[in-house]
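Below: the structure, in structure tokens.
The values are calculated or read from the model by the stated rules, or taken from the named source; none is laboratory data. Note that the structure is a prediction, hence the values are computed from the model and not measured. Cβ sites come from the backbone with ideal geometry, for glycine too, and all protein chains shown count toward neighbours.
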Amino acid sequence: MRLEVGCKMQFHAQTETPVVLMLRPRSLPGQWVVWERYVLEPHCPSSEYSDSYGNLCQRLMIPAGKFELAVTAEIATDSDIAVDPTAMFVPIEHLPSSVLRFLLPSRYCESDRLFDLAVAVTQDASPGYSQVESIRRWIYENFEYQYGSSDASTSALDIVATQQGICRDFAHLGISLCRSLNIPARMVVGYLYNLKPMDQHAWFEAYVGDRWYSFDATQAEPRGNRVVLAHGRDAADVALVTQFGPLSLETMEVWVRSSSYPQVSSPIVDSTETIQTSVNGI
């Protein structure tokens, strides 16, 4: 499917403020960037680099006063996500070295403190994909999706206590429980077609059967038509906006819609690589 995705943000800066943005999608297995448009108003000098996870990051100095940015892209995506209940647990000694960091506890994912819960949730599941699916389903069935129930400091342990959260929190808990079982897991941020209410979205991926699979604890069933912006250990790695000074977000608009442009064939293959919005200090 071809999707037009985008977001528009208006900021007010008290002084000239350094900012790192993570708003550009990149072509990956499972998604192809057909075109994109990135507008800064007023225009300001910027540069780009790839972080240690391969995410595209934009550096700029936002001038004092009102500042607006708009990012729009057309993406060809997979309509379905891969599902394989037979995908087995990968022993640690056989994991790629690049995957090992996704086994460790991180700022929002206290996997070293959730082993007993992870065992209880997955007691009837076979090692691997089935364990992760048991975790995803348990979160979906037992936790309430509630705006305003968490903030930028909320961790996986916090929502275990409250049993409420948003997509970012559900992803953190899923990641933590997977890592407790020595299953590598990472956070993904991006767009989901027909998400209601529309917003930036977060889910998680787990490494089983020698590849990454997507899991979304906010949805009843597996859903494709996703656009990845970034992935990392947790929300600290995938903030869409990281500011280094006084900066306020005034408005934000997000959209995902079926593309109205003429459809042409695109090189989409099954995804093997793949963020609620995490805005640092906003």
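Numerical summary
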{"read-out": "Residue in region 78-101 that is within 29 Å of GLY245 (Cβ to Cβ) and at pLDDT 95 or above present", "value": "no"}
{"read-out": "Looking only at region 221-240, and only at residues there that are of a type in the set (A, V, I, L, M) and outside any loop (DSSP other than H, G, I, E, B), the one that is surrounded by the fewest Cβ atoms within 10 Å (Cβ to Cβ)", "value": "ALA236"}
{"read-out": "Test: residue in region 210-220 that is closer than 23 Å to ASP51 by Cα and either of a type in the set (Gly, Ala, Ser) or part of a loop (DSSP other than H, G, I, E, B) (or both)", "value": "yes"}
{"read-out": "In region 118-129, the residues that are surrounded by 18 or more Cβ atoms within 10 Å (Cβ to Cβ) and assigned to a helix (DSSP H, G or I)", "value": "ALA118, VAL121, TYR129"}
{"read-out": "Residues of region 39-58 satisfying the condition of being under 17 Å from ALA230 (Cα atoms) and either of a type in the set (Ser, Thr, Tyr) or in the same structural domain as PHE102 (by TED's automatic domain parsing) (or both)", "value": "TYR49, SER50, SER52, TYR53"}
{"read-out": "Residue that is more than 27 Å from MET198 (Cα to Cα) and touching a Cys at 6+ places or on another chain (Cβ under 7 Å), where the choices are ASP84, ASP51", "value": "ASP51"}
{"read-out": "Residue pairs meeting the criteria (Cβ under 8 Å; at least 6 apart or on separate chains; first over 19 Å from MET22 (Cβ atoms) and buried (at least 24 other Cβ atoms within 10 Å of the Cβ), in region 182-195; second of a type in the set (Lys, Arg) and modelled with pLDDT of 95 or more)", "value": "ALA185/ARG179"}
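Here is a yes/no grid of residues against (1) more than 12 Å from LEU177 (Cβ to Cβ); (2) of a type outside the set (Gly, Ala, Ser):
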site	(1), (2)
SER97	yes, no
ARG101	yes, yes
LEU114	no, yes
THR122	no, yes
VAL132	no, yes
ALA152	yes, no
